[in-house]
1. Within the stretch 47-60, can one find any residue that is at pLDDT below 95 and more than 21 Å from V172 (Cβ to Cβ)?
2. Residues to consider are N259, N336; find the one that is in a helix (DSSP H, G or I) and closer than 25 Å to E36 by Cβ.
3. Taking the condition of being within 16 Å of the chain's Cα centre (by Cα) and open to solvent by 20 Å² or more (accessible area, probe 1.4 Å), how many residues in the stretch 131-145 meet it?
4. Among the numbered criteria (1) more than 19 Å from the chain's Cα centre (by Cα); (2) of a type in the set (V, I, T); (3) open to solvent by 60 Å² or more (accessible area, probe 1.4 Å), which one does I275 miss?
5. Inside the stretch 164-186, can you point out the residues that are within 17 Å of the chain's Cα centre (by Cα) and either polar (S, T, N, Q) or over 17 Å from E6 (Cα atoms) (or both)?
6. For residues that are more than 19 Å from I129 (Cα to Cα) and basic (K, R), scanning just the stretch 151-201, find the one that is least open to solvent (accessible area, probe 1.4 Å).
7. What is the number of the single condition among (1) open to solvent by less than 40 Å² (accessible area, probe 1.4 Å); (2) over 14 Å from the mean Cα position of the chain (by Cα); (3) at pLDDT 95 or above that I220 does not meet?
8. Being out of contact with any helix residue (DSSP H, G or I) (no Cβ under 6 Å at 6 or more places or on another chain) and of a type in the set (S, T, N, Q) is the filter here, so list the residues in the stretch 81-113 that pass it.
Amino acid sequence: MKTIIEQINTEQMNKDTLKKAGEILRKGGLVAFPTETVYGLGADALNEQAAGKIYAAKGRPSDNPLIVHIADMDSLTRITKTVPEKAVIIAKKFWPGPLTMIFRKAECVPLGTTGGLDTVAVRMPDHAIAQEIIRAGGGYIAAPSANTSGRPSPTSARHVEEDLSGKIDMIVDGGAVEIGVESTILDMTVDPPMILRPGAVTREMLESLTGEILVDKTLIEPDSAEPPKAPGMKYRHYAPKAEMTILEGDISRVIEEINRMAAEKTAEGFKVGIIGTEETAGRYVTGNFKCIGTRQDEATVAGNLYGILRDFDSDGTDYIYSESFSTCGIGSAVMNRLLKAAGHHILHVDK
């Protein structure tokens, strides 16, 4: 299969490109496109065979549910049985935006889209190109991240091309994304609602609207027969090829320990990568240091995370050592992704 790649921008959207993407989706094909979080790999969510092509292209386990993307609130009622009042309140504030909500699914949503579950995850992206492609494709587009399953998510069309060229019909190149980590996933089938995956919409933001919000801290073992209710709960995600370790503790001791470990691995002939911040740049003496952003604005850290992990892959890095980050605000999403990328390999450094 030859993958079509077409550039488009929000200032002057090419109607021919949008029409072509819509036609591919309506015929059961696959189109990668930008959202404000990461690039998504789209297929008609109500076409079970089309949804199946997503799993095949990504190498994604068939019990890992897909998120259905919509472009307007009216679309929600067709694919859900009920929409709780709290969900309406939350949607008015955070849709369109980086928030996915889980509902009981309507009969028209195939089990092939939901990973065999009787629930459906729904999001309305805050990105003009994504919204136009969703409408052109029929209004209901299943769209997980447009990468090989388990790899760092794509924040540019180049990342999509690296993983999926020749496996999908089209890549719509809308430039770099804004946020850089996937949406918050909120389970609305329980009360209080529960966050299953942290993102840019934080627990504090949600609780200011509706009161108590729970946070699920469990992971399902990969060999378990239990299906995950949301993406990222069971399988290895966001992982670079290198072995990765996160170091947590007093920052001076973290730097000291990373320098020691990096020197040791370098002496053994391995390539070492280090993830640090503007605040610690210049304090590492061995290894390939990459600045992920500033602790004064952890949104910069979120935006750079996946690109840095992919850069280390391109460099042939063998070992990666990363500083840890705050778990407040969007920092909770950063640490969630880092921990999964490192296979929960975290080293607590004594003061």
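The values are calculated or read from the model by the stated rules, or taken from the named source; none is laboratory data. Please read these numbers as outputs of a predicted model, since none were measured by experiment. Counting neighbours? That spans all protein chains shown, and the Cβs are built from the backbone with ideal geometry, glycine included. Remember, those area values only see protein heavy atoms, side chains included, never the ligands or the DNA or RNA. Shrake-Rupley method; radii C 1.70, N 1.55, O 1.52, S 1.80 Å.
1. Yes: one or more hits.
2. N336
3. 1
4. Tallying (1) more than 19 Å from the chain's Cα centre (by Cα); (2) of a type in the set (V, I, T); (3) open to solvent by 60 Å² or more (accessible area, probe 1.4 Å), I275 fails exactly one: (3).
5. Across the stretch 164-186, the qualifying residues are E178, I179, G180, V181, E182, S183, T184, I185, L186.
6. The selected residue is R197.
7. Here I220 clears every test but (3).
8. Answer for the stretch 81-113, where residues must be out of contact with any helix residue (DSSP H, G or I) (no Cβ under 6 Å at 6 or more places or on another chain) and of a type in the set (S, T, N, Q): T82, T100.
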